[in-house]
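The structure appears below as structure tokens.
The numbers here are math on the coordinates, done by the rules we state, and not lab data. Given the structure is predicted, the values throughout are model-derived calculations rather than measurements. So basically every Cβ, Gly included, is an ideal-geometry build from the backbone, and we count neighbours across all protein chains shown.
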Amino acid sequence: MPARPFLPYTDPRLHRPAAPVEAVTESVRMIWDDMIDTMEAMPGVGLAAPQIGIMLRLAVVDASSRRGEAVRMANPEVLHESVQLRAHEEASPNLPGVSARIERPRAVTVRFLNDQGEVEDRDFVGLWATSVQHQIDHLNGRLYVDHLSPLRRKMLVARSAKLRRG
């Protein structure tokens, strides 16, 4: 399946929460497959469905060195987070050409519906944890720039828009 296009930062769908997934169905599994293809084409370590205009609480994350180990999540929620923080340079295809250093908990425990439709609790550490939290932000209508000061956010959004225009 070809990679899906990303919504631009100005699209209002990116700034509102996505709807919960009632059950893991064949259509949900097909969306996850499309999302993984799109994530690999970026390339990136995670993708949330709203980024490509699907307003469901679906995310995929693959921070493995080999790739091909994507975790498919429906309705992910953080149950526990570490006190220790980890800084990482974050970016988004919805705001191309810019990035910012964001601090997030180094480890999280997340509850979600897995690809079998079962509730799963899983621990994520390091880049995996950063990516999962980044995707959950998207599902809640937030982008990484929302963690920045209003002035820094405004500067990055303006720089991205200028780069897009050429």
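List of remarks:
- Computed from the alpha carbon positions, the gyration tensor of segment 32-126 leads to an equivalent ellipsoid with semi-axes of 20, 19, 12 Å, biggest first.
- Cα-based shape type of the chain, given that a ≥ b ≥ c are square roots of the gyration tensor eigenvalues and the cut on a/c is 1.5: oblate
- Helix-derived mean residue ellipticity, 222 nm - over the chain, DSSP H n ≥ 4, -39500 (n - 2.57), to 500: -9000 deg cm²/dmol
- Relative contact order (%) - the chain, alpha-carbon pairs under 8 angstrom, separation at least six: 24
- Charge-dipole axis of segment 56-166 as Lys and Arg at +1 and Asp and Glu at -1 on Cβ define it, positive-most pick from Gln133, Leu95, Ala74: Leu95
- Here the 3J(HN,Hα) profile of segment 45-53, calculated from phi with Karplus coefficients 6.51, -1.76 and 1.60 at θ = phi - 60°, is 10, x, 7, 10, 3, x, 4, 10, x Hz, Gly and Pro shown as x.
- Rg/Rg_globular for segment 110-166, with Rg_globular taken as 2.2 N^0.38 Å and Rg from C-alpha atoms: 1.55
- Charge dipole (Cα centre; +1 on Lys/Arg Cβ, -1 on Asp/Glu Cβ; no other charges) of segment 37-122 amounts to roughly 200 debye.
- Applying 1/(1 + (r/R0)^6) with r as the Cβ-Cβ distance of Arg152 and Val83 and R0 = 30 angstrom yields a FRET efficiency of 0.75.
- Charge dipole (debye, nearest 20) of the chain; +1 at Cβ of Lys and Arg, -1 at Cβ of Asp and Glu: 1040
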